[in-house]
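Written below as structure tokens is the structure these notes are about.
The values are calculated or read from the model by the stated rules, or taken from the named source; none is laboratory data. Just so it is clear, the model here is predicted, and its values are computed rather than measured. For neighbour counting, all protein chains shown are included, and Cβ atoms are generated from backbone atoms with ideal geometry for every residue, glycine included. Calculation scope for accessible area: heavy atoms of the full protein, side chains included, ligands and nucleic acids excluded. Shrake-Rupley method; radii C 1.70, N 1.55, O 1.52, S 1.80 Å.
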Amino acid sequence: MALDPLFAPYERGDLVLPNRLALAPLTRNRAKGTVPAELNAEYYAQRASAAFLIAEGTQPSAISQAYLDTPGLHSDEQQAGWAKVAQAVAAAGPAKLVIQLMHGGRVAHPVFNGDQQPVAPSAVTAEGTVVTGDGSVPFVEPRAIETDELEAVKGEYVHAAQRALAAGAYGVELHAANGYLLHQFLAEKTNHRTDGYGSDVAGRIRFVVEVVEAVAAAIGERRTAIRVSPGHAVNDVEEADPQTTYAALYEELARFDLLYLHVLDSSPHAGYDVLDQARELYPGTLIANPGFSQEFDFEGAAERIADGRFDLLASGRPFLANPDLPHRLREGAPLNEADGSTFYGGDAQGYTDYPTLDELQTTTN
Ligand SMILES: Cc1cc2nc3c(=O)[nH]c(=O)nc-3n(C[C@H](O)[C@H](O)[C@H](O)COP(=O)(O)O)c2cc1C
């Protein structure tokens, strides 16, 4: 069967996974007051037949919040909320819960964080707007992080990672993609630093590597993952030569025995095959995500997994709309269509009410 490779177990050292499907991180803006609650726990538990549930972008500090009602991991209350999610996922199983740590950097916004000016590698304002509770507002000028403040920013990631594991998550994924803080360090357009954390490739990758190192030292290399999107021009980030930047980054990442490297297939933006580059230069587990500009192509992904070009497929919108995605693919069943109007914010509608195949069959029988 064409999709069989998606259901082959995966093993690397002590990591044993039942299949090759992961839920891609999806911001859903339904953690009211930044604290995950029962509804969020239910949503993740519904999708626990995946190998990994990579939970939505989660701010490691108040100042890093970029959107309305995104969960945080910097208070006891938020940690307790995540513990509810972790318990529900563990009870449903077998998925491993990985929480994505997302610092918005310059696209964080004062309306979400008690009026603090966002921080970024350099004081370069992003073009565009962000949706708040009161409509869209333009991004604001960030403040460049002082060199002696970098340690504290690293500490935010470390403390959030420690809270994630204390809450019962398996690991964390550091969000270095899609134009948020770590990507802003990697990209020339947003990083004008001259203090050893910019200027050239070695400088631009340095903070990202240091965050990986600090988090891995705190919670373990095998519990630390990272997501990148080479050359992905979103949130007004531009990279002049992603191939060189990411080659250098992967060489550094290869020093660690990380949980995985997650690459969004930004090849059309980057101008080269970013997945092939990652496979060639990074020796560990590689998760691929099709990226916004690609068609969903589960057969193509299965073939590439069988060929060893990557190890797991992270699926976003199809998994959002099909809580039982692995089961449906295995059965060759049609998929529910995702409703874009309920992606960001709201309640159970378009969140926990997508029917499983079994539920559909029960109602039609
Ligand atoms: C509603 C929505 C929310 C998203 N939130 C995040 C996020 O929090 N972190 C992230 O890295 N990517 C995020 N993405 C990008 C997805 O992880 C994924 O890369 C994208 O949807 C393409 O994959 P797909 O075709 O399987 O959906 C989001 C995408 C969507 C549609």
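Observations, loosely collected:
- Considering only residues in the range 251-275 that are away from the ligand (no atom under 16 Å from the Cβ) and under 18 Å from VAL208 (Cα atoms), the one that is surrounded by the most Cβ atoms within 10 Å (Cβ to Cβ) turns out to be LEU258.
- Hits in the range 302-317 - residues which are near the ligand (Cβ under 10 Å from one of its atoms) and of a type outside the set (D, E, K, R): LEU313, ALA314, SER315, GLY316
- Matching residues in the range 38-64 - criterion: being more than 24 Å from TYR354 (Cα to Cα) and in contact with a Ser or Thr (Cβ under 7 Å, 6 or more places away or on another chain): GLN59
- Any hit, the range 79-99, residues being open to solvent by less than 70 Å² (accessible area, probe 1.4 Å) and closer than 23 Å to VAL208 by Cβ: yes
- Matching residues, the range 59-94, being within 16 Å of the chain's Cα centre (by Cα) and assigned to a loop (DSSP other than H, G, I, E, B): PRO60, GLN65, ALA66, TYR67, THR70, PRO71, LEU73
- Pairing residues of the range 195-211 that are within 10 Å of THR245 (Cβ to Cβ) with residues that are basic (Lys, Arg), at Cβ distances under 7 Å and at least 6 apart in sequence or on separate chains, gives no pairs at all.
- Residue list for the range 276-296, filter: more than 10 Å from the ligand (Cβ to nearest atom) and open to solvent by 20 Å² or more (accessible area, probe 1.4 Å): ASP276, ARG279, GLU280, LEU281, PRO283
- Tally, over the range 1-15, of residues that are surrounded by 12 or more Cβ atoms within 10 Å (Cβ to Cβ) and either among the charged types (D, E, K, R) or under 17 Å from ALA95 (Cβ atoms) (or both): 6
- Counted residues, the range 297-335 - those being closer than 15 Å to TYR354 by Cβ, open to solvent by 60 Å² or more (accessible area, probe 1.4 Å) and assigned to a loop (DSSP other than H, G, I, E, B): 2
- Taken over the range 154-175, the criterion of being assigned to a helix (DSSP H, G or I), of a type in the set (A, V, I, L, M), in contact (Cβ under 8 Å) with a residue 60 or more places away in the chain and surrounded by 17 or more Cβ atoms within 10 Å (Cβ to Cβ) is satisfied by VAL158, ALA160, ALA161, ALA164, ALA167.
- Residue within the range 192-211 that is in a loop (DSSP other than H, G, I, E, B), buried (at least 22 other Cβ atoms within 10 Å of the Cβ) and out of contact with any His (no Cβ under 9 Å at 6 or more places or on another chain) present: no
- Residue that is farthest from the ligand (Cβ to nearest atom) [pool: residues in the range 131-152 that are part of a helix (DSSP H, G or I) and without any contact (Cβ under 8 Å) to a residue 60 or more places away in the chain]: ASP148
- Of the numbered criteria (1) outside any helix (DSSP H, G or I); (2) open to solvent by less than 30 Å² (accessible area, probe 1.4 Å); (3) within 16 Å of the ligand (Cβ to nearest atom), the one ALA338 fails is (2).
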